[in-house]
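Have a look at the structure below before the remarks.
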Amino acid sequence: MRVLVVEDQPDLANSVARVLRREGMAVDVAYDGGSALDRATVVEYDVVVLDRDLPVVHGDDVCRALINRGTLTRVLMLTASGTLAERVEGLSLGADDYLPKPFAYAELVARIRAVSRRSRPAAPPVLVHGDLRLDPAQRTATRAGGRLSLSPKEFAVLEYLLSCGSRVVSAEELLDRVWDEAADPFTTTVKATMNRLRAKLGDPPVIETVPRAGYRI
């Protein structure tokens, strides 16, 4: 999942980003509304976590702009005010959900996952292929009943491939959906992660390389 966190308090923004990355999400951060709109022009995010009271461009205007573009991006709005009137106003702007500050990180993660499911067909709660089982909510993966010790990126790559069924996924698509903007598109990071993942999955092979096209389960 690709997420943009838009929050003008750097400590809070970076803390949220760290939590979401531990959950296997690819996270970019913007500290004002103008930067958020610039990033959203380049990347189609699954979810934008958007503070309302932003400098440069107000959060309300950022929300309107995202909605007017007609993208599948979902907006989870944050605010220091948790009054009913504020929540109603935020949702009326087109936001998909609304979370008052302060909030528990566990609830934020759950809400992000919930709103992201609205932009695509619902996936089963546990992804299964043969003797391979992956539970995104519990962050666990097993094969033939044995627990797989996967890094966050390995888990995210496997989750994305399983969610795509038998569709071929290019290295560029994996880089865009699983890594954040800090990733160098000219590195071999996808290939290296794929090699480590395959080694941990063992035999018989689960991931097929399609020459000049990408990978598929």
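If I stretch the segment between A110 and R147 completely, what's the gain in nm (0.36 nm per residue apart, minus their alpha carbon distance), one decimal? Please list the in-between numbers first.
On the way: separation 37, 0.36 × 37 = 13.32 nm, distance 2.36 nm.
Extending this stretch completely gives an extra 11.0 nm.
Over the chain, average the accessible area per residue using a 1.4 Å probe and give it in Å², no decimals.
Ligands and nucleic acids excluded, the result is 50 Å² per residue.
With every atom except the alpha carbons ignored, what do you get for Rg and Dmax of the chain, in angstroms?
Rg and Dmax of the chain, Cα atoms, are 18.2, 57 Å.
Taking the Cα-to-Cβ direction at V56 and at L91 and moving 7 Å from each Cα, how far apart do the two end points lie in nm?
Result: 3.1 nm between the two label points.
Along the charge dipole of the chain, Cβ charges K/R +1 and D/E -1, which of T73, S15, A192 sits furthest on the positive end?
A192
What's the ranking of 12-20, 49-57, 135-143 by average number of surrounding C-beta atoms within 10 Å, highest first? Working shown, then result.
Numbers: 12-20: 17.1, 49-57: 19.9, 135-143: 15.0.
So the order, starting with the most tightly packed, is 49-57, 12-20, 135-143.
Any idea how far apart T209 and A182 come out in nm if each label point goes 7 Å out from Cα toward Cβ?
2.8 nm
Over segment 106-205, with every protein chain in place, what whole percent of the accessible area is carbon and sulfur at 1.4 Å, could you tell me? Provide the component values of the computation, followed by the final result.
Numbers: 3020 of 5500 Å².
About 55 percent, which is the carbon plus sulfur part of the accessible surface.
Quick one: what Rg and Dmax do you get for segment 162-217 from the alpha carbons, in Å?
In Å, with Rg to one decimal and Dmax whole: 11.4, 34.
Against the longest alpha carbon principal axis of the chain, how many degrees, from 0 to 90 and to the nearest 10, is the axis of helix 152-163 turned?
In the chain, helix 152-163 runs at an angle near 80 degrees to the longest axis.
Quote to one decimal, in nm, the extra length available between I67 and S166 on full extension: 0.36 nm per residue of separation minus the C-alpha distance between them.
32.5 nm
The values are calculated or read from the model by the stated rules, or taken from the named source; none is laboratory data. This one's a predicted model, so the numbers in the text were calculated from it and none came from an experiment. For neighbour counting, all protein chains shown are included, and Cβ atoms are generated from backbone atoms with ideal geometry for every residue, glycine included. For the accessible areas, the whole protein counts, side chains as well, though only heavy atoms, and no ligand, DNA or RNA atoms are used. Shrake-Rupley method; radii C 1.70, N 1.55, O 1.52, S 1.80 Å.
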